[in-house]
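The values are calculated or read from the model by the stated rules, or taken from the named source; none is laboratory data. Predicted model, so just to flag it, every value in this text is computed and none were measured. Neighbour counts are summed over all protein chains in view; Cβ atoms, including those assigned to glycine, are modelled from backbone coordinates with ideal geometry. Just the protein is used for accessible areas: all its heavy atoms, side chains included, with ligands, DNA and RNA removed. Shrake-Rupley method; radii C 1.70, N 1.55, O 1.52, S 1.80 Å.
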Amino acid sequence: MEIRHLITFQSIAEIGSYTGAAAKLGYTQSTLTAHIQALEQEIGGEIFTYINRKLLLTPLGRELIPLAEDLLSAHERIKTMRSSREVSGVLKVAAPESLTISRLGPIIREFSLKYPHVKLVLTNGTCGQNQSDLMSGRVDAAFMVYPEIKPEKCNHYPLFQEEIVLVSGNPGPDHFDEYKNSQASPFYITNEEGCSYRSMFERYLIKHGIQHFQTMELWSIEAIKKMVMSGLGFCALPYITVKEDVENGKLKLLTHSEEFEPIYSHMLIKKKKWLSPAVEAFTELVLKSANGLDKETFEQKQKIESDSLH
């Protein structure tokens, strides 16, 4: 049994396909097949099976998962023993665009200056995609802008309550009622489907029977803001993403009496017996930036709050 066989097994199990695991690991599918066959021969049974063309773990494969994680965690710790004083390696982070442009810049800059031997790879996606990438092992840390959540198999760190505001161009209407009561069909300018605050706002519109807006879907928050600045319509965005434009007079906050579902920013780290020094350092920095607490104190605070609810 070789470590690379266990890495192949873990990657296929997390991603759910030989094709995806081959792309992640840089192997051919035939190499992955050889790894799994060698592992199955060593264990004495099949660890994957196909049901309705879907790749699934067998009972033996499910039993192997925690054992493989323990062995691979021990392997990672052994590899870093000699360089334990120097944080290095690759750190992969996934975040929605709203947090990337509004909150993560200073954190990533400080991390890069403090840990120059870590290659930080940042990707943008919807909150659902970011969480999926975390659970599949494609990233080490995932950020989300979402209502309150209690994710399984993750260390969960709530960061900020993100105020969702309605915004128009300046000059433009002062109150959201001017759009709600318009006889025309004003443009509601928004980002891609799957965005949590877009979904929240659209649920609110449907619940209150406000369905006369035309939806214009754009590819980025900056494009949305530019279109709203032109006077075409309004948008619903986290305040942190429009704060500077509002203060500069380029955009205007619409006053309203609506009550929206609270939205929060979160950081998720997949639960493992051992986290790399880079992941630990990044988590520590994010928590200090968001809450002014070190990781240990933050987790103690979470435990006390959780215990008080029970």
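Could you work out the relative contact order of the chain, using alpha carbon pairs under 8 angstrom and six or more residues apart, expressed as a whole percent? Intermediate values should be presented prior to the final figure.
Working: 454 pairs, mean separation 64.5, N = 310.
Reported relative contact order: 21 percent.
Classify the stretch 7-79 as rounded, prolate or oblate from the Cα gyration tensor: take a ≥ b ≥ c as the square roots of its eigenvalues, call it rounded if a/c is under 1.5, otherwise prolate when a/b beats b/c and oblate if not. Walk me through the numbers before you get to the answer.
Working: a/c = 1.64, a/b = 1.22, b/c = 1.35.
Oblate, because a/c is 1.5 or more while a/b does not exceed b/c.
What is the Cα centroid distance between the stretch 135-169 and the stretch 98-126, reported in whole angstrom?
Each part's Cα centre sits 16 Å from the other's.
Using a Gaussian network model on the chain with a 10 Å cutoff between Cα atoms, which of 171, 277, 158 fluctuates the most?
Answer for the Gaussian network model of the chain: 171.
How large, in percent, is the carbon and sulfur part of the accessible surface of the chain at a probe radius of 1.4 Å?
Numbers: 8530 of 17110 Å².
For the chain, the apolar C and S fraction of the accessible surface comes to 50 percent.
How far apart, in nm, are two points set 7 Å out from the Cα along the Cα-to-Cβ line at residue 123 and at residue 73?
Rounded to a tenth, the inter-label distance reads 2.4 nm.
So with the 1.4 Å probe, I'd like the accessible area per residue for the stretch 1-82, rounded to whole Å².
Details: 5140 Å² over 82 residues.
Result: 63 Å² of accessible area for each residue.
Can you tell me the dipole magnitude for the chain around its Cα centre, using point charges on the Cβ only (Lys, Arg +1; Asp, Glu -1), in Debye to the nearest 20? Spell out each step's value before the answer.
Numbers: 34 positive and 39 negative charges, 159 e Å.
Magnitude of the dipole: close to 760 debye.
Report the gain in length on full extension from residue 41 to residue 215: 0.36 nm times residue separation, minus Cα-Cα distance, nm rounded to one decimal.
Details: separation 174, 0.36 × 174 = 62.64 nm, distance 5.62 nm.
Gain in length upon complete extension: 57.0 nm.
Taking trypsin sites (Lys or Arg not before Pro) as candidate sites, keep only those in a DSSP loop with at most 14 other Cβ atoms within 10 Å, then name the longest stretch of the chain containing none of them. Don't skip to the end; give the middle numbers.
On the way: sites that count: 53, 82, 85, 153, 271, 273.
Value returned for the longest uninterrupted segment is 154-270.
Heavy atoms only, probe 1.4 angstrom, no DNA, RNA or ligands counted: give me 224, 7 ranked by accessible area, highest first. Before the final figure, lay out each step's value.
Values: 224 0, 7 60 Å².
So, going from the largest accessible area down, we get 7, 224.
For the chain, give the share of DSSP beta bridges that are antiparallel, in percent and rounded to the nearest 5; count only bridges with both residues there.
Numbers: 25 of 41 bridges.
Taking every DSSP beta bridge with both residues in the chain, the antiparallel ones total about 60 percent.
Among 275, 75, 123, whose Cα lies farthest out toward the positive end of the dipole of the chain, if unit charges sit on the beta carbon of Lys, Arg (+1) and Asp, Glu (-1)?
75
With a/c under 1.5 counting as rounded, go ahead and sort the stretch 180-233 into rounded, prolate or oblate using the C-alpha gyration tensor (a ≥ b ≥ c being the square roots of the eigenvalues; past the cut-off, prolate if a/b is larger than b/c, else oblate).
Values: a/c = 2.66, a/b = 1.15, b/c = 2.30.
It is oblate, given that a/c is not under 1.5 and a/b is not larger than b/c.
Of the labelled options (1) 6, 26, 36, 24, 8, 1; (2) 5, 22, 26, 22, 16, 7, 2, 0; (3) 6, 24, 31, 24, 12, 3, 1, 0, which one gives P(r) over Cα pairs in 10 Å bins from 0, in percent as computed for this structure?
(2)
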